[in-house]
Amino acid sequence: MAKKKDEQKISYAAAVRELKEKGPMRLYFLWGEEDYLTSCFRDELKKACISDAEDDFSYHRLGENFSVPALSEAVDSMPFLSERSFVEVNGLDLNRLPEASTTELIKILKDIPDYCTVVFTESSEFEPDKRLKLYKAFLPLCKELRFSAQDGSQLMRWIVRRFAADGKEIELPAAQRLISVSGELMNRLIPEIAKISAYAQGSKVTVADVDAVAHHIPEALVFDMTDRLSAGEYNAALGLLGELLADKNNEPIQILAIIGIQMRRLYAARLAIDEGLGKDYVMKTCGLKYDFQATKLMRPAHAFTAKSLADAVELCAETDYRLKSSADDPASLLKECVLRIAVGGSNVQSV
């Protein structure tokens, strides 16, 4: 089944190529979790519209100072040193725009002059509520680009180029480890690459360099925790859970949600092993982009039975209910959940 238009994967390179071949359109809507690419594409739009970087007369930027009259004035302003004018609207929460402002906004956007390009850019946390009447009028007028995490091969090439710019060569296992521990979003990887490049002593970046200084996202710690559980290293697994709980940015419900996702993935991997379906099935079922991720997932899956993993999935749902409905200590509930997973779903007293 074909994906809906707004669910299709956006290739950044293809979007830039289209911009250069066809020129800028009058209206763009940029959003998605990968705000690094959102910012880069906005910069490409600006360069395509304004040839002179010093041309402040043709460039209008609205953010916290946004108002419908201000947008109307910016759109109507003639370009001065360029053929086009460029209007940025950054971080405006379109989901909460008052109805009166919505009506006036749509009127303006329906009548953008041929010499003007307007771009709405949202933060990485924003997701449009397309049930609203605003979007039903807005989206047909614009070029919508949603930038999410890039495909595996594109991201790997980008990582190699970023390290090369720092005079470093990253080994393939090290690049895979970096993605595993720090995630797939470029905006998260940029500071990690800078830290690792500064830390690495030689010209080559190794797995040890990545492990030494890269920030581990919660998903990575949960992955490592299940590795410890599969190896029977229960104290080490609880130690990793303790790291997650010690980080005040991690809510217990959030941690449990990640554990639940990992248990479902392990269950799918275990079923694939039992049925001889292989890594391709695991990648498709679990939404994985990399062969090495499937390999890493299937390794601990061998240590569990399908029954124990099915029980673990149910246990995570049960613990989620208890977290939301009881007055018990959240940390103790999470520890109990992990220990019960470790012993195959049998009852373990709260710790």
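The values are calculated or read from the model by the stated rules, or taken from the named source; none is laboratory data. Nothing here was measured: the structure is a model prediction, and the numbers come from that model. For neighbour counting, all protein chains shown are included, and Cβ atoms are generated from backbone atoms with ideal geometry for every residue, glycine included. SASA here: full protein model, heavy atoms, side chains in, ligands and nucleic acids out. Shrake-Rupley method; radii C 1.70, N 1.55, O 1.52, S 1.80 Å.
Please find, among GLU83, GLU125, GLU88, the residue that is within 30 Å of GLN293 (Cβ to Cβ) and either part of a loop (DSSP other than H, G, I, E, B) or not aliphatic (A, V, I, L, M) (or both).
Of GLU83, GLU125, GLU88, the one residue that is within 30 Å of GLN293 (Cβ to Cβ) and either part of a loop (DSSP other than H, G, I, E, B) or not aliphatic (A, V, I, L, M) (or both) is GLU125.
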Name the residues in segment 21-37 that are assigned to a helix (DSSP H, G or I) and in contact with a helix residue (DSSP H, G or I) (Cβ under 9 Å, 6 or more places away or on another chain), would you?
ASP35, TYR36, LEU37
Determine which member of the set ILE253, ILE259, ILE217 is surrounded by 21 or more Cβ atoms within 10 Å (Cβ to Cβ) and not basic (Lys, Arg).
ILE259
Name every residue in segment 128-139 that is in a loop (DSSP other than H, G, I, E, B) and in contact (Cβ under 8 Å) with a residue 40 or more places away in the chain, in order of residue number.
PRO128, LYS130
Would you confirm whether or not segment 320-337 contains a residue that is free of Cβ contacts under 8 Å to residues at least 60 places away in the same chain, open to solvent by less than 30 Å² (accessible area, probe 1.4 Å) and within 15 Å of ARG264 (Cβ to Cβ)?
no
For segment 5-46: of the residues being surrounded by fewer than 20 Cβ atoms within 10 Å (Cβ to Cβ) and among the β-branched types (Val, Ile, Thr), which is modelled with the lowest pLDDT?
ILE10
Do any residues in segment 304-319 that are in contact (Cβ under 8 Å) with a residue 12 or more places away in the chain and over 20 Å from GLY232 (Cα atoms) have Cβ atoms under 9 Å from those of residues that are open to solvent by 10 Å² or more (accessible area, probe 1.4 Å) and part of a helix (DSSP H, G or I), where the two are at least six apart or on different chains, and which pairs are they?
THR319/GLU336; THR319/ARG340
Looking at this structure, is LEU229 crowded, with 19+ Cβ neighbours inside 10 Å, among the hydrophobic types (A, V, I, L, M, F, W, C) and modelled with pLDDT under 90?
yes
Consider PHE120 carefully, then state whether it is outside any loop (DSSP other than H, G, I, E, B), closer than 22 Å to GLU33 by Cβ, among the aromatic types (Phe, Trp, Tyr) and at pLDDT 95 or above.
yes
Being in contact with a helix residue (DSSP H, G or I) (Cβ under 7 Å, 6 or more places away or on another chain) and either within 15 Å of MET25 (Cβ to Cβ) or open to solvent by 30 Å² or more (accessible area, probe 1.4 Å) (or both) is the requirement here; does SER82 meet it?
no
Note on ASP151: of the conditions (1) charged (D, E, K, R); (2) in contact (Cβ under 8 Å) with a residue 60 or more places away in the chain; (3) in contact with a Leu (Cβ under 8 Å, 6 or more places away or on another chain), unmet is (3)
So which residues in segment 166-223 are within 25 Å of SER123 (Cα to Cα) and of a type in the set (A, V, I, L, M, F, W, C), if there are any at all?
LEU178, ILE179, VAL181, LEU185, MET186, LEU189, ILE190, ILE193, ALA194, ALA214, ILE217, ALA220
Examine segment 186-207 for a residue that is at pLDDT 90 or above, open to solvent by 50 Å² or more (accessible area, probe 1.4 Å), of a type in the set (Lys, Arg) and in a helix (DSSP H, G or I), and state whether such a residue exists.
yes
